[in-house]
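Accompanying notes for the structure given below.
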Amino acid sequence: MKLGDLAKQLGCSVEGDASLEITGVAGLDEAGPGDLSFLSNPKYFRKLKTTGAAAVIVGKDTKVEGRTILRADNPYLTFAKALELFHPPHRPPVGIHSTAVIAPDAKLGRNPSIGPYVVIEEGVEIGDDCVLKSFAVIYRGARIGHRFFAHSHAVVREGVVIGNGVILQNGAVVGGDGFGFAKQADGSYYKIVQAGSLVIEDDVEVQSNACIDRASVGESRLRRGVKVDNLVQVGHGCDIGENTLLCGQAGLAGSCKVGRNVILTGQVGVAGHLTIGDNVIATAQSGIPNDVEPNKIVSGYPAMDNASWLKCAAIYMRLPEMHATLRKLAKRVEKDAAGS
């Protein structure tokens, strides 16, 4: 594809040779002749001198000399769209495999693609253009919108409500029982029926082996645009706000309310029954035991303002030295006191 034609499809302007033939996309380090790459983080600017890319997508204000570039408002997003042009998502052919088990009263929309050994139980409703890969299971009474894509071994539990454009990656379980047990007099635990539901709104993606629990009563909810990374646990009764990111191995105890545009990075832990405000960012391995106000960046355990945590972390590295100095001072004080 000519670079000029590609630029038109991506809504970019070209500076340099628009006649270049672009045959693929790659990162700055891996790119070779014929590849389109991108620069979105200024700290990698030096790589523009060494990359083998034929052309590079850069921001509107990035100054580049001696290289063919595409100007874009959002280079990373533009690169993502370019990647899709060269590697369009594969959709399996329409049809229902002979080994699929589908309840007689289940309702499927137009153009379903149902793979081997899929199970769809009674009372299920699924909209148009769904794709269910092998061994996906949809429990009774689930209601699912259009363009649903469930990869192999994904599970949708009973009564779960799912909107349009939702993706479940391999092994994701949505609507499983919450962790609810009442302690009995003999020390054993009595299972509390998880009678609530789970609602997943439009354009949510739940990635591999993540678990989103149903509520014990009421509902759990993932709001529009939420993205859940691999191995994330969302406890029963949680409400996760629009366009929030839950990154790998994050864990949320029950009944948390998380605002819009929040980012919980890797291995963040959140205690139950608390509220995290809009636009909060929690850095990796933070532990959140209390409410967090909107627009905060928090770190550490217990999670505190990121700037304060950075100062504390710097001091922590010096603790052995500070302790040795304190011991010397203490001995000097004791010596002076004994001599007086």
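Throughout, read-outs are computed from the coordinates displayed, never taken from laboratory work. All values derive from a computational prediction rather than experimental measurement. Here the Cβ positions follow ideal geometry from the backbone for every residue, glycine too, while neighbour counts run over all protein chains shown.
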Alpha-carbon centroids, region 164-201 and region 68-89: separation in whole Å
39 Å
Can you flag which of 2/43; 60/296; 2/60 are past 24 Å Cα-Cα?
2/43; 60/296
How about residue 191: which lysines have a C-alpha closer than 21 Å to its C-alpha, ignoring those fewer than 8 places off in the same chain?
183
Which value results for Rg/Rh of the chain when Rg is the Cα radius of gyration and Rh the Kirkwood radius based on the inverse mean 1/r?
1.12
Amide H within-cut-off set for residue 25, under 5 Å, with H built and near neighbours excluded:
36
extent check for region 196-340: Cα max minus min per principal axis, descending, whole Å, gives 77, 27, 25
log₁₀ I(q)/I(0) of region 3-86 at q = 0.15, 0.20 Å⁻¹, via Debye over equal Cα point scatterers, no solvent, to two decimals?
-0.42, -0.80
In region 288-340, with Lys and Arg counted as +1 and Asp and Glu as -1 at Cβ, which of these residues, 304, 315, 290, has the Cα nearest the positive end of the dipole, that is, farthest along it?
315
Sum of -39500 (n - 2.57) over DSSP H runs of 4+, divided by residues of the chain (222 nm, nearest 500)
-5000 deg cm²/dmol
